[in-house]
Each structure stands twice: as C-alpha cells, then as structure tokens.
Protein chains: 2
Amino acid sequence: MRIAVVGTGLIGASLGLAWRACGHSVAGQDLDAAALEAAIAMGAFDEAVGFEEARRREALVLAVPLDAVCAMLLRLRDGAPNPALILDVASLQVPVLRAAGDLEGFVASHPMAGREGNGPAQADPAIFRGQPWIYQPGAAQEAALRLIGETGAHPVPLEAELHDRAVALTSHLPQLLAVALARAVARHAGEPGVAEVVGPGLHGALRLARAQWSMWGPLLAQQGARDAALLEELARELQSLAAALAAESQAELHAAFDEAKISVGDIFRRTK
Amino acid sequence: MRIAVVGTGLIGASLGLAWRACGHSVAGQDLDAAALEAAIAMGAFDEAVGFEEARRREALVLAVPLDAVCAMLLRLRDGAPNPALILDVASLQVPVLRAAGDLEGFVASHPMAGREGNGPAQADPAIFRGQPWIYQPGAAQEAALRLIGETGAHPVPLEAELHDRAVALTSHLPQLLAVALARAVARHAGEPGVAEVVGPGLHGALRLARAQWSMWGPLLAQQGARDAALLEELARELQSLAAALAAESQAELHAAFDEAKISVGDIFRRTK
C-alpha cells in the first residue's frame, strides 16, 4: 500500500518503521524540516512529500497534535480528491469527529502507545505491539483495521464519548500527576543528598513529565473540567494518606497499600 | 568470599545472583521456606542455612524489612562471634545505625534499585547496575565497597540524616503517590471504556503500587511527619493545576509543562 504519514515525531516515525517493515511504501510529511530529515535518515520513511502529494496516496495518516489534526480535516473537506482511507492518531475522538464532519474514508483512532522521549530519534516500531488501538467504526474501517493490525496493536472499537471520558482517567490524570510531581520535586532538588538518592522509582514516576506541551495543550483545552475534577479527587486522596501518616495510623496505611495492590492487579487483569 | 544473605526476596535473591556470578559462595536464609526454596531453585543461592550458621560466614547481608533488620542487629550484639562484614540494605539509615550501636564490622547501606514485582521470582542481578548504592563509612568499609562494586552499582557515601531526609522526597513520595493513584483509579475502573484505554502511561504510573506493605510499613512509621508534609505539598500542586484547568488558563498550564520538563532534565542530569 502507498501510505503517507503527516507528522514525523515519535508516533509518526514509529508507524513509518512498522509499516515499512510490512512492505508498504511510506512517505513522510512534516513542517519541521529537521524532524522530517531525521525520520527519513533513520529509515522511518521512503521519502518526503508535500501535503497535497500526501493526499494522493492510498492512505493518509495524521500523526500531529489534536489542533493540527482538526485543521487538516477541515482542509481535507475542500472537495479535492482524497485517499480511500484517512486515519488520525490524536488522543481524543469527539473533537476530531466534529472536525471531520462527513469526510469520506475517515476513521478516527487512538493507539494506546508511547515511550519516554519525543521526536523521531526515539521512534520504535515495537511500541504498538500488544497495545489497544481504539477506533471509530466508519466506511474505511477494513483498511484501517489491516494497518492497525500490522503494527502488532489490537484494534478496539469504542464509542467516542466513552473513549474521551475514559482517557481523562487513564491518560490525562497520570500525565498531570507527573507534571505536578516534577514541580514538587524540583523545589527540593537542590537540597543536600537529593541528587545522590535518585533511583528507578522516581525515574519511572517522572517519565511522563517530559511530554510535549504542543501535544498536550489542545487535549487539555478540550477536557479541562473533567481533568480538574479527577485532579481534585486525587488531591483529596493524598491528603487522606497524609493525615494517616501524621496520625501514625499504621492500620489505615496498611489498608491503603493492600487496596492499591489489589486494584492494580484488577486493572491490569481486566485489560489483558 | 563466603557470603550469607538473610532475606531471599527480590533484593536478596538479586544480590545472590549478582555475587554468585562473581564467583562468591552465597548461602540464603529466610523464614519463608517457599521463598527460600524458590530462590535456591532459580540459582540465587548455593544452599540454605540457619541464622546462626549465616553468622559464621565471612560476610552477612541483611536483606529484610527495616524492623527485621533492627531486630537482627540487636541480636548480633549478643557477644557471640560475628562476620568481619555485616551489611544491611534497608532503606533508612538513622534507625538502623541506632539499632546497630557499636556492633563491629557493620556498614549500613541502601541500594537505589528495584523493579516491578516482589519475591525471588522477579529477581534480576542487573537491577543494581549503574545505580547509586548509599553507604555509611565504617570499619568494614573496604569489604563493603568491594561487594557493592561487584553488583555494578556505584557506592556513594552519604550522611545518614541527609539520606533519610532525601529519600522521603525521591522514594517515599513516588511510592505514596502510586498508592493514592491506584485507589483513585480503582473507584472509576468499572466505568464503561476504562478497561479498553489502559495503556503504558498508566501502567508506568501504577508500577510502584504493587509494593509490599511488609517492607513499607516500618519505613513509613519512621518518617510519618516528613512524608505527610511532602504529600500535602503535592496535593496543593495538584489543586493548583486543577484550578488552571478549570479556568482554562492555557498559559499557566503551558508554564507548568515547560517547568516540569526542564526540572526532570535537571534532576536526571545532576544524578549522572
């Protein structure tokens, strides 16, 4: 298949690597010439194309931040010929579907994949393997499912509003938490001894705090109230743990640890 | 060297694997017969020994929770002959030094190492590689440094009180945060769509929530007030992000993301 990917960052370049390994021809497009060049140099794309050229491929994949996806979808509705399949990988479905309107061949989707770092240098075709990839059923669904399956992800249909509500919990909350933790830790990072005792636990907890604002800004703008409510809830949870610590209530803390352990087991069992 | 490790959980068994690979003879001791047997079966130890037998080896390593370490140190002060080197790997230094008193040959220490899961089944000799391993200078320091170095960790001397204060930030805070997040997520885990969109971000954020209470209980009992203050501080940070989200203040959120990214870069650069 002749595919074009717009956006040659971590996700776009990882998709290029995965699909090229399956024998597809994959062209890349990016406003950031350095990112595009780096992605081609590392083998993620066969060649660079312009947006109008990308539009004449058999499949067009939009791997750019949400606001750019929406702008491109509006542009693709201008009446000029489009590919039989247009796929996006932004992380919210409702605003993308609103922008797409009745655009033919469009399938909104969201791969639950990522890794530390940004940009094509961090690209890895394995990040999709075994992960869910949410999609909105549509006219071009079959072609979309084939491309999704070829990355090793398993396609999961999920109604747009439910998806957007659920990612506030499973994606926005951990992201905002990592940002908050990074700021709290930063205030103490210069204290004596701190640099010496940074280990894998803190490293893992701060992994997401390196995320890019250009990707997150448009997502948070859509879900502000929902995300705020979850942060408030978590803040109350922290305060309740703090109260148990201050009161030296080992029984309460013990119960919290046991509950957490059971919950985590449940959450990940259910997603298998 | 003839080493005995008391405690054949994740850390104890990982140490056994690492030191046996360097040619040492390593015996294991654990009150949990199943854990001991599993650790020997996986090759972490040559053989099982009793505590009094362990005490007659050249080096005795206490890889048990803090309260058990303190109880063993008191017992080792009974006047019977002890090894030339006694090393602990509990995560706080002040209470351990207090329990050790003037016990000869004792070096308090703390490897900044860990991984998901518990017990010997998760043991991995590579978890120490490249990580700091804090120690308290003492009479048996040279032998301790040799053993620490052989795991691939780099030994770092750090005054006990400074160490204990710093780990509240770098270790207790991320741990308590993961517990709080697990409980908050658990309240919503049954909502439609949530199971479908659990991805690597949430997985990473909840990794620590599987930790064992038997290890953490004694640590939190020592540092309650200190840990509570940090949790309160983080709760305020979450509330401030929530307020920015609710007010749709993109500028404030943007600044928070940028600060977080820079902070994380600084924190990990400083620890290289």
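Just so it is clear, none of the values below were taken in a lab; they were calculated from the coordinates. All values derive from a computational prediction rather than experimental measurement. Using ideal geometry, Cβ is built from the backbone for each residue, glycine included, and neighbour counts are taken over all protein chains shown.
Do you know which residues across region B:204-237 are under 22 Å from A:SER263 (Cα atoms) and among the aliphatic types (A, V, I, L, M)? First the steps, then the outcome.
Initially, region B:204-237 is screened for residues under 22 Å from A:SER263 (Cα atoms), giving B:204-217, B:220, B:231, B:235.
If the condition is that a residue be under 22 Å from A:SER263 (Cα atoms) and among the aliphatic types (A, V, I, L, M), then B:ALA205, B:LEU206, B:LEU208, B:ALA209, B:ALA211, B:MET215, B:LEU220, B:LEU231, B:ALA235 are the ones that fit.
Restricting the search to region B:220-255, which residues are farther than 30 Å from B:LEU66 by Cβ and of a type in the set (S, T, N, Q)?
Filtering region B:220-255 for residues farther than 30 Å from B:LEU66 by Cβ gives B:239-255.
Of everything in region B:220-255, those that are farther than 30 Å from B:LEU66 by Cβ and of a type in the set (S, T, N, Q) turn out to be B:GLN239, B:SER240, B:SER249, B:GLN250.
Got at least one residue in region A:8-16 being touching an Asp or Glu at 6+ places or on another chain (Cβ under 9 Å), of a type in the set (Ser, Thr, Tyr) and within 24 Å of A:LEU219 (Cα to Cα)?
Looking through region A:8-16, at least one residue is touching an Asp or Glu at 6+ places or on another chain (Cβ under 9 Å), of a type in the set (Ser, Thr, Tyr) and within 24 Å of A:LEU219 (Cα to Cα).
Regarding A:ARG269, is this residue more than 30 Å from B:LEU245 (Cα to Cα), charged (D, E, K, R), within 29 Å of the chain's Cα centre (by Cα) and part of a helix (DSSP H, G or I)?
Numbers: more than 30 Å from B:LEU245 (Cα to Cα): yes; charged (D, E, K, R): yes; within 29 Å of the chain's Cα centre (by Cα): yes; part of a helix (DSSP H, G or I): yes.
Answer is yes for this residue.
Of the residues that sit in region A:206-248 and are more than 7 Å from chain B (Cβ to nearest Cβ), out of contact with any Gly (no Cβ under 9 Å at 6 or more places or on another chain) and without any contact (Cβ under 8 Å) to a residue 60 or more places away in the chain, which one is farthest from A:SER171 (Cα to Cα)?
A:ALA243
Restricting attention to region B:133-169, and to residues there that are without any contact (Cβ under 8 Å) to a residue 40 or more places away in the chain, at the interface with another protein chain (Cβ under 10 Å from one of its Cβ atoms) and in a helix (DSSP H, G or I), which single residue is farthest from B:GLY117 (Cα to Cα)?
Once the filter is applied, the top-ranked residue is B:LEU162.
Checking the structure you have, find out if any residue of region A:125-137 is surrounded by fewer than 17 Cβ atoms within 10 Å (Cβ to Cβ) and closer than 19 Å to A:GLY16 by Cβ.
Of all residues in region A:125-137, those surrounded by fewer than 17 Cβ atoms within 10 Å (Cβ to Cβ) come to A:126, A:129-130, A:137.
Next, from what is left, pick out any that are closer than 19 Å to A:GLY16 by Cβ: A:126, A:129.
Yes: one or more hits.
Residue check: is B:ALA195 within 7 Å of another protein chain (Cβ to nearest Cβ) and under 22 Å from A:GLU232 (Cβ atoms)?
Details: within 7 Å of another protein chain (Cβ to nearest Cβ): yes; under 22 Å from A:GLU232 (Cβ atoms): no.
For B:ALA195, the condition - within 7 Å of another protein chain (Cβ to nearest Cβ) and under 22 Å from A:GLU232 (Cβ atoms) - is not met.
Against the conditions (1) crowded, with 23+ Cβ neighbours inside 10 Å; (2) within 27 Å of B:LYS261 (Cβ to Cβ), where does A:ALA260 fall short? Just the number, please.
For A:ALA260, the exception is condition (2).
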